[in-house]
Amino acid sequence: MTPDSLPKTPSGTPGFDGVLAGGVPAGQTTVVFGGPGSGKTIVALQFLAAGDSGLYVGFEEAEDQLRRNAEALGIDLSDVSVLDLSPAGEQFFDDDSYTVFPTEEVDGEELLGQIGSRLRESDADRLVIDPLSELRALLPDDFQFRRKVAALFSALTERNITTLCTAQLGDRPAEDDLQFLANTVVELRKTTERRTLEVTKYRGSDFASGYHTLRIHAGRGAVVYPKLVPGDYHEDYERTQLPSDVPNLDDLLSGGIPRGSVTVISGPSGVGKTTTGSLFLQAAAKRGERAIGYLFEELRADYLYRSEQLGLDVRSLVDEGTLEIEEVEALKRSPDEFATHVREAVEERDIEFVMLDGVTGYRQGLRGDDSDGALTRELHALCRYLKRVGVTVVLLEEVSYVTGEFSPTEHHISYLADNIVFLRYLEVDGRLEKAIGVLKMRYGDFDNSLRELRISSDGLTIGGPLSEYHGLLTGMANPASRSDDDDPGDAER
């Protein structure tokens, strides 16, 4: 999305300007709809705090309480004057009769007169009315409400005052009137899981459509986490092979995985997915590339300890600063927040290699729309973004089978993968063994043999091709010298 030529003013809420393609329309009116607790007053206050001078007109909260709450959220209202029209406000309907409207248009409406008088006194260039829908109760009917609001918006535009009004979502017909009259309309929604922000109207400007996460942080106020749009990003890079530094594994991959590709390493629990992915992560860090591993299913301390037991150099690389290991706490972030977090790591810390351990934890640990399709789309957008900027991605996915029917992935993400490496268990002569193979490499050739896999305190070892067996993908390894029709008891008779 590219900024347009419409004059704009910063919204004051981090991340919001990215959704608005630069900010709210300068000298125009924006209406923010939302239910109780959705964050509309916080967004409005941050808008005022971002300017040189502003006026807040409030109907619901006394000025002293408003300023205390804003301070607790890190919002500086020192350059903002307040017209307190709350039930306890001392200034409620005083005798000042100045108005920005002709007398015949006002019909003695003291409220509009107070707003106009305070605007003239403060010389504010930003105005908030919170909530504007309160005006509906002070006017005789819907026609008068629509007429007065239209006149108010017109007068503010003539004076080049950038205005943000809040309103209750679902308060019809006032909502319908404000949707029609406003230049820009934003809707905030709050569920038990998260808050979201959506721009539903923006005259003369592009904007990022869809629902974006809104989070309110103590001491920071509201932050918008825009939905990731991969097409907005692109960087040229050379598609070189990135080895794991394990010779037989790299032989399977004809030298390694391509830079800027997505590799899925799949297999059942305990088969060695994390160890295999960590080899690529470790190799990237040793080459001097900045790498990061996100743990959705394991504690960071446990991962570092286990890596040491397997002879991996993860902890020393973390200490050197070339490798980062981050534990993603369950249900603390939405997919939008996590995508923003990853994007900041790439853009601010030059991360070049990312491992997500694992896909199941990603789907279960991030808050938001928990439908399978929605979470797959979020993961798809994240991987597409990383590919477009040349970051190499390894996804670890657990599948439920141990032996039996073979399926390379379980959450229908194979289409995301440029490369698929699968690990599985085999039953060999009454023993449980492990095997590794490559199913897919989009950008090159690969060795299609299945090989023995062993993981011990000496690390990961890959043997030669398991050519002496057949039926390996069923999990039942039978000697190639014996056909399936042979009776095992024949040798005893």
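Readers should treat all values here as calculations from the given coordinates under stated rules, not as data from a laboratory. Everything quoted here is computed from the prediction, not taken from an experiment. Positions of Cβ are generated from backbone atoms using ideal geometry, with glycine treated the same way; all protein chains shown enter the neighbour counts.
Please find the FRET efficiency linking residue 240 to residue 349, where r is the Cβ-Cβ separation and R0 is fixed at 30 Å, and quote it to the nearest 0.05.
Numbers: r = 21 Å, r/R0 = 0.71.
After rounding to 0.05, the efficiency reads 0.90.
So how do 306-318, 272-284 stack up, highest first, on mean other-Cβ count within 10 Å? Mind showing how you got there, number by number?
Numbers: 306-318: 16.3, 272-284: 23.8.
The densest-packed peptide leads the list: 272-284, 306-318.
What is the helix-to-structure angle for 372-388, meaning the angle in degrees between its Cα long axis and the longest Cα principal axis of the chain, kept from 0 to 90 and rounded to the nearest 10?
Compared with the principal axis, the helix lies near 80 degrees.
Using only the alpha-carbon atoms, how far is helix 110-122 inclined from the longest principal axis of the chain? Give it as 0 to 90 degrees, nearest 10.
Once rounded, the angle reads 80 degrees.
Give the percent of DSSP beta bridges with both residues in the chain that are antiparallel, rounded to the nearest 5. Spell out each step's value before the answer.
Working: 39 of 92 bridges.
The answer is about 40 percent antiparallel.
With the Cα gyration tensor of the chain in hand, convert its eigenvalues to equivalent ellipsoid semi-axes via √(5λ) and list them largest first in whole Å.
Working: eigenvalues 753, 87, 69 Å².
Taking √(5λ) for each eigenvalue gives 61, 21, 19 Å, largest first.
What's the angle, to the nearest 10 degrees (0 to 90), between helix 300-309's Cα axis and the longest principal axis of the chain?
20
Charges at C-beta only: +1 for Lys and Arg, -1 for Asp and Glu. How large is the resulting dipole of the chain about its Cα centre, in Debye rounded to 20? Mind dumping the intermediate values first?
Values: 50 positive and 86 negative charges, 125 e Å.
In debye, rounded to 20, the chain gives about 600.
Sorted from largest down, what three extents in whole angstroms do the Cα atoms of the stretch 241-479 have along their principal axes?
Here the spans come out as 53, 40, 34 Å, largest first.
Distances longer than 25 Å among the Cα atoms of the stretch 233-352: what percent of all pairs is that?
Numbers: 1799 of 7140 pairs.
Percentage above 25 Å: 25.
Given charges of +1 on the Cβ of Lys and Arg and -1 on the Cβ of Asp and Glu, with all other atoms neutral, how large is the dipole of the stretch 241-479 about its Cα centre, in debye to the nearest 20?
I would put it at about 400 debye.
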